[in-house]
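First the structure, in the form of C-alpha cells, and then the observations on it.
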Amino acid sequence: ERLRRSYESFRLALGSREPWGVAGDLDLAALQEGLTSVCRAAADPETRPDVRAARADVTVAERRQDAVGYAYLPTLNATTEAKYWTSRDVTPNQLPVTWTVGAQLSFQIYDGGARQSESLRLGSQVDLAREQLEETRGQARVDVERALRGVTVAEATWRVAVETRDFAVETMGLLREQFRIGEVTSFDLVAQARRVREAEADLTIKEFELLRARLAAFVARASCQL
C-alpha cells in the first residue's frame, strides 16, 4: 500500500493520469553527481530561490505603492503641429508652412481620496509581502536545520547497521567453529545465516537512507541554474 501511494504521489507530481515509478536501475550516486553539477550549496538560506522570490515580491509591492505617490505630481504635456499649405493667402505669415508649439501644465487638486485609498491598499500588500518573506525565511532555516539533522541521524543508524552486520558475520564464524566440534546444530547455522542476510539487507537500506538524507540536505541549501 505504501508503494502504491508512492506511485500515486509521483503521478500527481508529474500531472499524469497513469501511475509512475522510479526505474530499478536508478543510480543514486550518478544522481548526486548530476545534482552537484548544476546546483551549488550555500551556507546562507537567504540565497535559496524561494527566499529570493519572496524578497522580489516585496520590492515589486513597494514599487507599486511608490507609483501611487507619483500621481500627486503635476503633469506637463507638450504639443507641436506643422502644416503645409498650397496657397499662401490662407496663412497669417504669407508662407506655405506653419508650425505651432504648445505646452499644458496640469495639477489635480482633489480626487475624492482615490489616490490615498489606493496607497493604503497597496501598503497593506507591502505588509503582506513582508510577512510572507519572513515566513519564507523562517521555513528555509527550519528546512536546512531538519535536513542537516536528518543526515546526522542517517549516519548514526548506518553505523549501527554496519556494526550489526559485522557482529552477525562474526557470530556466524563462531557458530561454524562450534558446529565442527558438535556444540551447535545445523539449524543454528541456518538461523544465523538468515540473521546475516537480514543484517546485510538492513545495511543496504540504511545506506540508501543516508544517501537520500545527504541529497535532501544538499537540495535544502541549493541554488540551481537550470
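Here are some notes:
- Over all other residues within a Cβ to Cβ distance under 14 Å of residue 144, the charged ones net out to +2, with Lys and Arg as +1 and Asp and Glu as -1.
- In the context of the full set of protein chains, region 108-166 has a per residue accessible area of 68 Å² (1.4 Å probe).
- Taking label points 7 Å from Cα along the Cα-to-Cβ direction, residue 44 and residue 97 give a separation of 6.1 nm.
- Extension gain from residue 80 to residue 8, taking 0.36 nm per residue of separation minus the Cα-Cα distance: 19.2 nm
- Net charge of the neighbourhood of residue 191, taken over other residues with C-beta under 14 Å away and scored Lys/Arg +1, Asp/Glu -1, is +2.
- In this structure, residue 72 and residue 124 have a Cβ-Cβ separation that, at R0 = 22 Å, corresponds to a calculated FRET efficiency of about 0.65.
- Annotation: extensible slack from residue 216 through residue 1 equals 75.0 nm (criterion: 0.36 nm per residue apart, minus Cα-Cα distance).
The values are calculated or read from the model by the stated rules, or taken from the named source; none is laboratory data. Keep in mind it's a predicted model, so treat the numbers as computed, not measured. We place every Cβ from the backbone using ideal geometry, glycine too, and count neighbours over all the protein chains shown. Accessible surface is based on the protein model in full, side chains and every heavy atom, while ligands, DNA and RNA are left aside. Shrake-Rupley method; radii C 1.70, N 1.55, O 1.52, S 1.80 Å.
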